[in-house]
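The values are calculated or read from the model by the stated rules, or taken from the named source; none is laboratory data. Here the structure is a predicted model, which means the values were calculated and not measured. For neighbour counting, all protein chains shown are included, and Cβ atoms are generated from backbone atoms with ideal geometry for every residue, glycine included. Accessible surface areas use protein heavy atoms only, side chains included; no ligands, DNA or RNA. Shrake-Rupley method; radii C 1.70, N 1.55, O 1.52, S 1.80 Å.
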Amino acid sequence: MSEVLKIENVRKYFGKFAAVDDISFGLKEGGIYLLVGPNGCGKTTLVNCISGIYNPEEGNVYYRDEDITGEAMYKISRRGLVRTFQIASPFLSLTTLENMLVAVPKNAGENIFFSLFKPSWMDSEVTAVKQASELLGVLGLKHVWNMPANTLSGGELKLLEIGRALMCGAETILLDEPVGSIDPKLCHQIFNHVLRLRDEMGLTFLVIEHRLEVAAQYADHVFAMDRGKLLTEGTAEEVFEDPRVITSYLGE
Amino acid sequence: MIDLLGLTVSQASGLSQLIIDIAMYFGAFVIVAMALNFQYGNAGVPNMGCAVQVIAGGFTVSAITTRVTFMIVKAAGLPLMPYASDYDWVYNNPHNVAVVTNPFIETHTMLGISLLLFSLALALVLGSAIGYIISLPAIRLRSTYLMITLITMADASQIFGRNIPAICGGTLGVFVPNVFAWYLGNRGIILAVVTLLIGIIAFFIFRTMLNSPYGRLMRAIRENDGTVESVGKNVVGIRRNILMFASGITALTGVMWAFYASYVVDNLFMRADWTYWPWLMLILGGPGNNAGTFLGCALIIALRRIILISKWSLEQYLFFPIAYVENILLGVLLIAVIIFRPRGLIPEKLLYIPGINYRKMVTGEAQVDLGDSAMPKAETEGGEPE
C-alpha cells in the first residue's frame, strides 16, 4: 500500500508558541488512523494545517505525492482530502438532503449563469439527489431527509458530517472528534460506519478522538501527541501502554 | 412620438403626478432592495455599500453618457459650446444639454433609445467592476468590518464625485441629456415604466437564480461558509460573483435615477437614501424572500411620502428642525422591527427548488406538496441572521 497522505516536519507557531512542533507521519491507503492526545496538544491545529485552514510555517504536506502545503482548503478538498469539524457545522436551516446536495462537486446549477437555465443543470441535480439518497440510506439518516438540520440530534449531526464529506467525493477523511459527546451505543454505530466505508469504498481515515475505549478497537494504527510533538506511534496496545502517553493524559 | 396615457406635463394633475412619482420610487428602490436581498438575505454578504453601486450607474450617465451624447451632437454639426475643460464642462453644461442636445433627441427617437440602452449596458459593466473592487475587502473581512468598509467606500465615492468636476460637475452638478425627449407626454410616466420593466426583469432573474442549486449554495454560505469551503467550493469566488452581479443590477437603478432627476450631483446618491432605506426595506419585509422585499419597499416608500406630506403639521410641537423627523421616525421603526419582528413581516420560507419532486426521488413516494419540509425554525429562532 502506498502512502496517500504524508506530512514532513510540520511546524505551526502561534506567536512563539509551537502548537505543532516538527511532526512527520504517513497514512497508507485504506487505513483507519487514530490521533490521540490531551486537550490543547495540537491535534486540531495539525488537522487545520493538513486541510488548508492554516499554512504551516515549516514542513510539507503531500497528498498522493503532490505538495499541497498552504493550498486553499477548497482546492485540497477537491483533491479528495476532506475534513469534518469538531463542532458539527451543518447548514442549520437547510434540510438534511440539502445539506448533502450542497457538497456535490461540479454541480452544473451552481454556476451563476447556468443556474438561469434549468435544463442545463437538471440532470446533475437528479444524479446528485440519487447519490445523496443512497448515502443517507447507508448512514441511516433517510428518515430525517426532510428535516432542517437544526432539528437533528447530536448523533445525526455527526453522521451528517461524515455524509457530507462522502458526498463531495472524499477519498481520505479527517474526522475531528466524530463521537465527541455521543452515547456509547451510537459511538460504536458511527465507528462501524467508518469500518464499512473503509472496507467497501477503500477510504482512508484519520480520526481525532478522546474516547480511547471506543476508538482504539477500530484503529489500525495510533499516533499519540503531546505539547505539539508526536510522542509515539504503533498499534493501539503499544501506544496505550506507553508510560509517556499515560502521563500525558492522566498526569504524573 | 409616443404618449402612453395621453398626459402632458401641464395636464398631469397632482394626484397622477404623485402616482407616477411613487411608481418611479418603487421601481428604483425595489431593484436595490432585491439586489440587497440577493446579497445579504440569501448569501449573507452584509453589503452596506449599496450607495456605491447606485453611484456607479449615476456617474456613468453624468461622466460618460453625457460626453458621448455631446460628441454625437457635435458630429451632427450642432453649435455646442466647448466642454473639454472642467470649467467649460460645468458652466456650459446647462446650455449644451437643455438648448442643444435635448431638442436634438426630441427629433431623433432612435438616438434617445440607443443612449438609454448604451447607458444601461455600460452601467452593468461598470457596476460589476465596482462590485469586483468592493469584493476585495470581502475576502478578508466578515460582517461588521465588511459593513464599515463598504460604508466608507460609498462615502469615498461620493467625495470623489464632489471633488472631481469631470465626473459630475463637483458641487454644482451637471445636467444629463433627456434620453426620453422624443416622448411628448409626461416623461415621469415613461421613466417609471422603463424602471419598473427593469425591476420585473431583475425579479425574474433573481428568482430563477435563487430557485436553483446556486441559490441553495448561497444559503449554505450564509449559514456556514467554513463548511462550504471544506466541501471544495471556492467561497471567496462565489461571494465575488454575487457582489459583482448584484452591483451590476443595482447600477441600473443609478442610471434610471440620473435620468429621472435629469441632473447628477454627488448628493443625489446619499448614503441614507440608497443604503439605509433599502436595508430598512429588507429588514422590515423580511430578508431572504422577494415577497418580503416588495412589501418592505412599498411600505417604506408609502411611509416616507406620508411623513413628507404630513410632517409640517407637527412643526409647532417640535423642538428640533423638522428635516430630522423622517430620519427619526424611520430609525424608530427600524429599532421596533428588530425588537418585535426580527425576521421581518414575511419571514423567509425555506423551500426545495420548485418543480423537482425530491420526495419521490428520495423515498419513492409521490410528492403531495412541494417543499413541505418542517420549518419549526421560523418560530424558534429569534435573532437576525448574521
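Scan the stretch A:177-187 and tell me whether some residue there is within 17 Å of the chain's Cα centre (by Cα), within 30 Å of B:Tyr352 (Cα to Cα) and touching a residue at least 60 places away in the same chain (Cβ under 8 Å).
Yes, the stretch A:177-187 contains at least one residue that is within 17 Å of the chain's Cα centre (by Cα), within 30 Å of B:Tyr352 (Cα to Cα) and touching a residue at least 60 places away in the same chain (Cβ under 8 Å).
Evaluate the stretch A:21-31: report whether one residue or more is of a type outside the set (Val, Ile, Thr) and free of Cβ contacts under 8 Å to residues at least 40 places away in the same chain.
At the first step, the residues of the stretch A:21-31 found to be of a type outside the set (Val, Ile, Thr) are A:21-22, A:24-31.
With the extra rule that they be free of Cβ contacts under 8 Å to residues at least 40 places away in the same chain, the set shrinks to A:26.
Yes, the stretch A:21-31 contains a residue that is of a type outside the set (Val, Ile, Thr) and free of Cβ contacts under 8 Å to residues at least 40 places away in the same chain.
Return yes when B:Leu136 is over 30 Å from B:Arg222 (Cα atoms), open to solvent by 50 Å² or more (accessible area, probe 1.4 Å) and part of a helix (DSSP H, G or I) and no when it is not. Quick ask: steps written out before the conclusion?
Details: over 30 Å from B:Arg222 (Cα atoms): no; open to solvent by 50 Å² or more (accessible area, probe 1.4 Å): yes; part of a helix (DSSP H, G or I): yes.
Criteria not met by B:Leu136.
If you scan the stretch B:27-67, which residues turn out to be part of a helix (DSSP H, G or I), in contact with a Pro (Cβ under 8 Å, 6 or more places away or on another chain) and of a type in the set (Gly, Ala, Ser)?
Result: B:Ala33, B:Gly41.
Every residue in the stretch B:196-231 that is within 26 Å of B:Gly254 (Cβ to Cβ) and at the interface with chain A (Cβ under 8 Å from one of its Cβ atoms), please.
Answer for the stretch B:196-231, where residues must be within 26 Å of B:Gly254 (Cβ to Cβ) and at the interface with chain A (Cβ under 8 Å from one of its Cβ atoms): B:Ile205, B:Thr208, B:Met209, B:Tyr214, B:Gly215.
Taking the stretch A:24-60 on its own, how many of its residues are among the aromatic types (Phe, Trp, Tyr) and in contact with an Asp or Glu (Cβ under 8 Å, 6 or more places away or on another chain)? Walk me through how you get there before you give the answer.
Filtering the stretch A:24-60 for residues among the aromatic types (Phe, Trp, Tyr) gives A:25, A:33, A:54.
Now restrict to residues that are in contact with an Asp or Glu (Cβ under 8 Å, 6 or more places away or on another chain): A:25, A:33.
Residues in the stretch A:24-60 being among the aromatic types (Phe, Trp, Tyr) and in contact with an Asp or Glu (Cβ under 8 Å, 6 or more places away or on another chain): 2 in total.
One line per residue, one yes/no per condition, for (1) touching a Lys or Arg at 6+ places or on another chain (Cβ under 9 Å); (2) open to solvent by 50 Å² or more (accessible area, probe 1.4 Å); (3) in the same structural domain as A:His188 (by TED's automatic domain parsing); (4) among the aromatic types (Phe, Trp, Tyr):
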site: A:Thr204; (1), (2), (3), (4): yes, no, yes, no
site: A:Glu213; (1), (2), (3), (4): no, yes, yes, no
site: A:Ala224; (1), (2), (3), (4): yes, no, yes, no
site: A:Thr235; (1), (2), (3), (4): no, yes, yes, no
site: A:Glu238; (1), (2), (3), (4): no, yes, yes, no
site: A:Val245; (1), (2), (3), (4): no, no, yes, no
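Assess whether B:Val231 counts as being under 30 Å from A:Val47 (Cα atoms), in the same structural domain as B:Ala220 (by TED's automatic domain parsing) and open to solvent by 20 Å² or more (accessible area, probe 1.4 Å). Step through it out loud before you land on a result.
Values: under 30 Å from A:Val47 (Cα atoms): yes; in the same structural domain as B:Ala220 (by TED's automatic domain parsing): yes; open to solvent by 20 Å² or more (accessible area, probe 1.4 Å): no.
The answer is no for B:Val231.
Looking at A:Ser77, A:Ser120, A:Ser124, A:Ser133, which is the one that is more than 16 Å from A:Ile7 (Cα to Cα), assigned to a helix (DSSP H, G or I) and in the same structural domain as A:Ser181 (by TED's automatic domain parsing)?
Details: A:Ser120 fails: in the same structural domain as A:Ser181 (by TED's automatic domain parsing); A:Ser124 fails: in the same structural domain as A:Ser181 (by TED's automatic domain parsing); A:Ser133 fails: in the same structural domain as A:Ser181 (by TED's automatic domain parsing).
After applying the criteria, what remains is A:Ser77.
Of the conditions (1) loosely packed, with under 14 Cβ neighbours inside 10 Å; (2) modelled with pLDDT of 90 or more, B:Phe175 satisfies every one except a single condition; which number is it?
The failed condition is (1).
Of the numbered conditions (1) of a type in the set (Lys, Arg); (2) over 18 Å from the mean Cα position of the chain (by Cα); (3) surrounded by fewer than 24 Cβ atoms within 10 Å (Cβ to Cβ), B:Arg216 fails exactly one; give the number of that condition.
The failed condition is (3).
Which of the helices (runs of 4 or more DSSP H) found entirely inside the stretch A:137-230 contain at least 2 residues meeting this: closer than 30 Å to B:Gly364 by Cβ?
Values: elements: A:154-167, A:184-201, A:212-215.
So the answer is A:154-167, A:184-201.
Check the stretch B:301-315 and report whether any residue there is within 14 Å of chain A (Cβ to nearest Cβ) and either at pLDDT below 85 or within 25 Å of B:Phe203 (Cβ to Cβ) (or both).
Kept after step one, since they are within 14 Å of chain A (Cβ to nearest Cβ), are these residues of the stretch B:301-315: none.
No: zero hits.
Report yes if B:Ser262 is out of contact with any His (no Cβ under 6 Å at 6 or more places or on another chain) and either under 30 Å from A:Leu160 (Cα atoms) or away from chain A (no Cβ under 14 Å) (or both), otherwise no.
Working: out of contact with any His (no Cβ under 6 Å at 6 or more places or on another chain): yes; either under 30 Å from A:Leu160 (Cα atoms) or away from chain A (no Cβ under 14 Å) (or both): yes.
For B:Ser262, the condition - out of contact with any His (no Cβ under 6 Å at 6 or more places or on another chain) and either under 30 Å from A:Leu160 (Cα atoms) or away from chain A (no Cβ under 14 Å) (or both) - is met.
Mind checking which residues of the stretch A:4-52 are among the basic types (Lys, Arg) and in a strand (DSSP E or B)?
Taking the stretch A:4-52 first, the residues among the basic types (Lys, Arg) are A:6, A:11-12, A:16, A:28, A:43.
Within the stretch A:4-52, A:Lys6, A:Arg11, A:Lys12, A:Lys28 meet the criteria.
Tally up the residues in the stretch A:170-189 that are surrounded by fewer than 23 Cβ atoms within 10 Å (Cβ to Cβ) and of a type in the set (A, V, I, L, M), please.
2
Within the set of pairs 6+ apart or on separate chains, which have a first residue in the stretch A:1-17 that is closer than 10 Å to A:Glu57 by Cβ, a second that is of a type in the set (A, V, I, L, M) and not in a strand (DSSP E or B), and C-beta atoms under 9 Å apart?
Close Cβ pairs satisfying both conditions: A:Val10/A:Leu46; A:Val10/A:Ile50; A:Lys12/A:Leu46.
Which of the residues that make up the stretch A:83-121 are within 7 Å of another protein chain (Cβ to nearest Cβ), β-branched (Val, Ile, Thr) and surrounded by fewer than 20 Cβ atoms within 10 Å (Cβ to Cβ)?
A:Ile112
Listed residues B:Ala246, B:Ala251, B:Ala323, B:Ala291; which is touching a Gly at 6+ places or on another chain (Cβ under 8 Å), open to solvent by 50 Å² or more (accessible area, probe 1.4 Å) and either at pLDDT 90 or above or more than 14 Å from every other protein chain (Cβ to nearest Cβ) (or both)? Give the steps one after another, and end with the answer.
Numbers: B:Ala246 fails: open to solvent by 50 Å² or more (accessible area, probe 1.4 Å); B:Ala251 fails: open to solvent by 50 Å² or more (accessible area, probe 1.4 Å); B:Ala323 fails: touching a Gly at 6+ places or on another chain (Cβ under 8 Å).
From the options B:Ala246, B:Ala251, B:Ala323, B:Ala291, the qualifying one is B:Ala291.
So which pairs qualify, if the first residue must be in the stretch B:338-362 and facing chain A (nearest Cβ under 10 Å) and under 19 Å from A:Leu135 (Cβ atoms), the second must be surrounded by fewer than 18 Cβ atoms within 10 Å (Cβ to Cβ) and modelled with pLDDT of 85 or more, the Cβ gap must be under 8 Å, and the two must be at least 6 apart or on different chains?
Pairs found: B:Ile356/A:Met122; B:Ile356/A:Val126; B:Met361/A:Val126; B:Met361/A:Lys130; B:Val362/A:Lys142.
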